[in-house]
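Enquirer: Take a look at the following structure, please.
The values are calculated or read from the model by the stated rules, or taken from the named source; none is laboratory data. In this text the structure is predicted, and so the values were computed from the model without any measurement. Here Cβ is always computed from backbone atoms with ideal geometry, including for glycine, and neighbour counts include all displayed protein chains.
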Amino acid sequence: MKRIGVLTSGGDAPGMNAAVRAVVRKAIYHDMEIYGVFGGYAGLMSGNIKKLELGSVGDIIHRGGTFLQSARSEEFKTKEGRQKGIEQLKKHGIEGLVVIGGDGSYRGAMLLTEEGFPCVGVPGTIDNDIPGTEFTIGFDTAVNTVIDAVDKIRDTASSHERTFVIEVMGRNAGDIALWAGLAGGAETILIPEAEQDIQEIAQRLKNGQERGKKHSIIIVAEGVMSGYEAGKQIEEVTKMDTRVTVLGHVQRGGTPTVTDRVLASRLGARAVELLLNNTGGRAVGIENNQLVDYDIIEALAMPHKIDLDIYKLSKELSI
Ligand code: F6P
């Protein structure tokens with residue numbers, strides 16, 4: 001391929017800019033032309049497409065968000081919507097597309113490929129819930145943002161001898177809650193992948209209190225229940241003074257960590273290598289610190305693997 005495009009889609013994630021930069025620079029390094037699609041799949045359908053140069057991606061490696069902007073598009077889920085997108089790509093002479101985003105974005109990339117336009121998926125979402133990779137771009141930064149908040153809340157929890165419930169993002173996946181829970185020394189972590197028993201949680205909190213613990217931190221993934229619901233249930237059962245913090249979209253922004261910048265650079269560059277060899281319909285990822293790529297249909301069919309050993313360890317360490 002000699003001319004390719006790149007877009008970011010779905011929820012933004014810190015490190016997406018670093019990934020776009022890698023795609024653009026790697027393509028130009030290999031004498032390809034590179035076009036940016038602005039505004040995700042919605043921008044693709046409306047033809048918001050511009051040629052990018054080396055300088056177009058200068059000074060963005062350290063910025064959160066995505067300079068290509070992003071969107072969630074219902075129309076692109078229809079065949080007619082995707083046909084509009086393919087027409088725009090062909091009009092610009094683009095032969096392959098790098099799609100940086102989460103599972104909804106991957107689905108779009110898979111369908112585009114099936115309908116005749118080769119795409120490569122790059123996993124970009126804070127949720128860490130993309131199959132075919134151990135880590136997604138943005139997850140490390142998001143967990144570090146959560147930990148920063150947990151550490152601060154711990155100060156207040158300790159000063160006032162309170163129980164705090166902290167709700168974090170993750171509609172279908174508990175990775176943010178799990179990693180932040182272990183790293184933040186939470187007493188309890190509620191994730192969609194594990195059964196929760198409110199009586200057992202209450203007992204653990206009471207045991208802690210009896211042996212002199214001054215406060216407790218509970219981290220709940222939004223996919224389990226809202227922080228307010230969890231706080232209400234815990235207060236009812238334990239009668240402990242409980243406060244709730246919902247971290248929300250603060251988790252999606254901010255300067256990407258080194259880990260996310262390096263991951264984004266490696267994955268973005270690999271996606272270009274695949275298109276350079278005329279290989280579409282793939283999803284790139286990282287496993288055991290090695291770059292991998294899978295057929296995008298197979299990748300989407302793989303179950304999301306959460307590391308339940310971390311869940312077990314966190315329980316063992318918060319007795
Ligand atoms: O998919 C990433 C994510 O941040 C989820 O964790 C969260 O539930 C969702 O996006 C929020 O999406 P929106 O910004 O569209 O409300």
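Enquirer: Quick one: which of Val246, Val224 is within 20 Å of Ile153 (Cα to Cα), within 14 Å of the ligand (Cβ to nearest atom) and surrounded by 15 or more Cβ atoms within 10 Å (Cβ to Cβ)?
Expert: Going through Val246, Val224 in turn, just one is within 20 Å of Ile153 (Cα to Cα), within 14 Å of the ligand (Cβ to nearest atom) and surrounded by 15 or more Cβ atoms within 10 Å (Cβ to Cβ): Val246.
Enquirer: Return a yes/no flag: does the stretch 260-274 have any residue that is outside any helix (DSSP H, G or I) and either without any contact (Cβ under 8 Å) to a residue 40 or more places away in the chain or touching a His at 6+ places or on another chain (Cβ under 7 Å) (or both).
Expert: No.
Enquirer: Continuing with the same structure: Can you name the condition, by its number, that Leu205 falls short on among (1) within 15 Å of the ligand (Cβ to nearest atom); (2) modelled with pLDDT under 95; (3) not hydroxyl-bearing (Ser, Thr, Tyr)?
Expert: (1)
Enquirer: Moving on to the next point. Pick out, from the stretch 68-181, the strands (runs of 3 or more DSSP E) lying fully within it that include 1 or more residues that are over 30 Å from Ile234 (Cβ atoms).
Expert: 96-101, 119-123
Enquirer: Note down all Cβ pairs under 6 Å where the first residue falls in the stretch 119-136 and is touching a residue at least 24 places away in the same chain (Cβ under 8 Å) and of a type in the set (Asp, Glu), the second is assigned to a strand (DSSP E or B) and more than 15 Å from the ligand (Cβ to nearest atom), and they're at least six residues apart or on different chains.
Expert: Listed by first residue and then by second, the contacts come to Glu134/Ile286; Glu134/Glu287.
Enquirer: Looking only at residues in the stretch 206-228 that are more than 33 Å from the chain's Cα centre (by Cα) and part of a helix (DSSP H, G or I), which one is farthest from His160 (Cα to Cα)?
Expert: Among those residues, the one meeting the criterion is Asn207.
Enquirer: I would also like to ask the following. Against the condition away from the ligand (no atom under 16 Å from the Cβ), under 30 Å from Gly58 (Cα atoms) and not polar (S, T, N, Q), how does Ala269 come out, does it pass? Steps first, please.
Expert: Working: away from the ligand (no atom under 16 Å from the Cβ): yes; under 30 Å from Gly58 (Cα atoms): yes; not polar (S, T, N, Q): yes.
Considered against the rule, which asks whether it is away from the ligand (no atom under 16 Å from the Cβ), under 30 Å from Gly58 (Cα atoms) and not polar (S, T, N, Q), Ala269 comes out as yes.
Enquirer: Quick one: would you say Gly104 is of a type outside the set (A, V, I, L, M, F, W, C), touching a strand residue (DSSP E or B) at 6+ places or on another chain (Cβ under 6 Å) and touching a residue at least 24 places away in the same chain (Cβ under 8 Å)?
Expert: The answer is no for Gly104.
Enquirer: Which residue out of Gly108, Gly132 is on the phi > 0 side of the Ramachandran plot and not acidic (Asp, Glu)?
Expert: Gly132
Matching residues to (1) among the β-branched types (Val, Ile, Thr); (2) closer than 24 Å to Gly15 by Cβ:
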residue	(1), (2)
Tyr106	no, yes
Ile153	yes, no
Thr156	yes, no
Val168	yes, yes
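Enquirer: Would you confirm, using the coordinates I've provided, whether Thr255 is more than 16 Å from the ligand (Cβ to nearest atom), assigned to a helix (DSSP H, G or I) and either at pLDDT 95 or above or not β-branched (Val, Ile, Thr) (or both)?
Expert: Working: more than 16 Å from the ligand (Cβ to nearest atom): yes; assigned to a helix (DSSP H, G or I): no; either at pLDDT 95 or above or not β-branched (Val, Ile, Thr) (or both): yes.
Here the answer is no, as Thr255 does not meet what is asked.
Enquirer: Could you grab the pairs with beta carbons closer than 6 Å, sequence gap of 6+ or different chains, first residue in the stretch 62-79 and under 9 Å from Tyr41 (Cα atoms), second one among the charged types (D, E, K, R) and buried (at least 19 other Cβ atoms within 10 Å of the Cβ)?
Expert: Note: pairs meeting the criteria are Ser70/Asp12.
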